Every structure is written in structure tokens, then in C-alpha cells.
Amino acid sequence: MENNILNELRTPVFLVNKANKFIYINDIGQEFFGISSSIIIGKKINEFISNDSPILNLIERVRNSKSGITEESLDFSNLNFPNRKVRVHVVPLSFDNNKIIIQVSQLALSEMFQSQRINSKISKSFSSMIDMLMHELKNPLAGIKGASQLIETDIKDNSNLLELTKLISIECDRVEDLLNGMEQVSNNNIKLDYESLNIHEILNHCKRVAENSFGNEVNFINEFDPSLPRLFANKNLLIQIIINLLKNATEASQKKGNIKIKTSFNSNKIISFGKEDIPTQLPLQIEIIDFGVGIPSNLLSSIFDPFVSSKKQGKGLGLSIVASGLEEMGAVIDVSSSSGSTNFCMNFPLKKS
């Protein structure tokens, strides 16, 4: 009679014994698991759900306390229905505390999307915060650039200082462009502008930035191929990538010693892109070579993955940004390393426009 009553309930209900084996399940319960009662009855509940499922802990708590518990939004996934959250009522049988009744109620639609609404609000708040931060950063940036231009008018006879003020202005413009790019990302309006670039001018600019900041104790060595054709890329993204690699090389060199910046034409560098795996030549080669501590062999294959770093205080984002930026421009990067030498080698396609 009890079974007939339970079977009339329009929610999944099942009964387990002290060994957590199913001794009863109603028709809706069979639909809930996607398995017939002939297979479920006599089997342990953890044969149909994962061993770390929170429902197992809930059953044990009810069995020990001898009182019922209701859990909101509990993960009750199984092989047929992964990632499923429900409301669960677990109560001991009145005349046998070792037997547990479990009733499942589907969450209301509004409850199911509640977390999504919260995440959406967080995302919008974060986006607004980024917009405000970028707006506020542009103000001091304009001040720095203005100050450098005023200083420039007073030091026309000092070529070294004049070069530094021009460098400040150029970098201010680049940071402003990066902030504008972040605004495009925030508004889901991402667009990279490409242009024909003299790669040696870009590399010399990055070297000057390094020499006047994080690499002021490093000896940068140029080994350039002057016949190298122009590179078609996004200027600011390319500068960001090269400065990132130079900073890593400087840190690996413990901020002293030599770092080589090398360019060459490598017609043997071929890689396949796209669904059709069409071979593409990437002959324009740039290498950043340091002679520092090297990258541990166990990290070498994953060094471009997010949150992977060989540095003690490293966040593991720099090289991930480098790799994704190069991929965006149709280029690739490889790394080889041993104790005393690390080579980051970038290869770009040959494009006229």
C-alpha cells in the first residue's frame, strides 16, 4: 500500500537501506535516473552517482541525526544526467531509522537561472569597473605625455635626454592605444589594424624601452638580417609581445649578461593552419636568446599555457598572452632551452598587404 502511495507522487522518490542499496523507487524516480527499477533495485546508490556526490554525505547525516534534512540546489548528477542541481528532502523512515527516504524536487526555472543572473551582474559590474579604470588612466597618461613634451622644448641641445622624452611620448601613445583596445574588448568590438612594418625599427624601439627600464644592466646584441622584407602585423601588439619576451629574457639573465636579438629569413619553416591543413610558409624569423638559468624541462612543453610559470613570483600569463597574440597575427612561437641558454623563436608569414 505504501508503495502505491509513493508511486502516485509526481516527484522522484526512492528508499535506501543501511547499506545504501535501493529497496524501492517510484516510476518518476526511474525517469530521474534514466534506468529501470529492475536494474536499480538491490544496487548501491553510488553505483549510479560519483563517490564524492554530496547526496551520500547528506544521507549519512540524516542517518546519524535521525532527523530529516532539506538541501536546496544540491548537485545530484549521474551518468545519464550530468550537471543537474535539484532540491532534495532526505528523511529517515519513522519505524526504521536505517532506511532513508529520498524525495527530489526539480528547481523552479527562476532558481535554475538565478546563478546566471548573478554572474551576469558581476560581469556587467566588472566591465563597468574596467571602463572607469581605463577612463581614469587616460588622464594621468595625458599629463605624463604633456610633461614630456614641455621638457622636450627645454632640452633641444641634449640629444640623449631628447631621445628619452620622445620615447616617453611614444610609449604613452602605445599605452593609450592599448587602453582603447581594452575598451573594444569590453564592448565586444575587437578589431586589429595591420600595417607594413620595418621589423628592425620595431626591435630597436623595444630595445630602447628595455635599456631605459628593466634591462638597464643588460647588454643587448643585435644580429639583424638587413635584407629581411617588411612585416605585416599589428604594431602595438607586436611591440607588446617583444617587450614581454625581452623582460622574460632579462629576468632569466638575472638582469645582467647578454641578450641576443636576431632576425633571419627561414624558408624551411612551414606549418599547417585551418581545417584543411594547408601548408603555410612562415619565413620571417625573430629570435630572443638569453644565456640565463633556462626553463625546467618539465615546464617546457606547457610554458605557453595560462598560469604556467618557471618564476617564483610569476603569474603565468605573459607567455600565454604572447602566444595568443602571435596566433592572432598568423604567426607561431617555439622555445628551446637548456641550462645557460633559452631561445624564443617567432615565425611570421610573408604578406605584402
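The figures follow:
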quantity	calculated
Hits in the stretch 43-75 - residues which are in a helix (DSSP H, G or I) and of a type in the set (S, T, N, Q)	Asn46, Asn57, Asn64, Ser65
Scan of the stretch 22-36 for residues that are touching a strand residue (DSSP E or B) at 6+ places or on another chain (Cβ under 8 Å) and crowded, with 16+ Cβ neighbours inside 10 Å, ordered by number	Phe22, Tyr24, Ile25, Asn26, Ile28, Gly29, Phe32, Phe33
Residue within the stretch 214-234 that is among the aliphatic types (A, V, I, L, M) and assigned to a loop (DSSP other than H, G, I, E, B) present	yes
Total residues in the stretch 98-110, condition at pLDDT below 70 and polar (S, T, N, Q)	2
Matching residues in the stretch 215-234 - criterion: being within 22 Å of Ala323 (Cα to Cα) and in contact with a helix residue (DSSP H, G or I) (Cβ under 7 Å, 6 or more places away or on another chain)	Leu231
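Yes/no per residue for (1) out of contact with any Ser or Thr (no Cβ under 8 Å at 6 or more places or on another chain); (2) modelled with pLDDT under 75:
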{"position": "Thr250", "(1), (2)": "yes, no"}
{"position": "Ser267", "(1), (2)": "yes, no"}
{"position": "Ser272", "(1), (2)": "no, yes"}
{"position": "Leu282", "(1), (2)": "yes, no"}
{"position": "Ile288", "(1), (2)": "yes, no"}
{"position": "Ile303", "(1), (2)": "no, no"}
{"position": "Val335", "(1), (2)": "no, no"}
{"position": "Ser338", "(1), (2)": "yes, no"}
{"position": "Asn347", "(1), (2)": "yes, no"}
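The values are calculated or read from the model by the stated rules, or taken from the named source; none is laboratory data. Everything quoted here is computed from the prediction, not taken from an experiment. Here the Cβ is made from the backbone with ideal geometry for all residues, glycine too, and neighbour counts use every protein chain on show.
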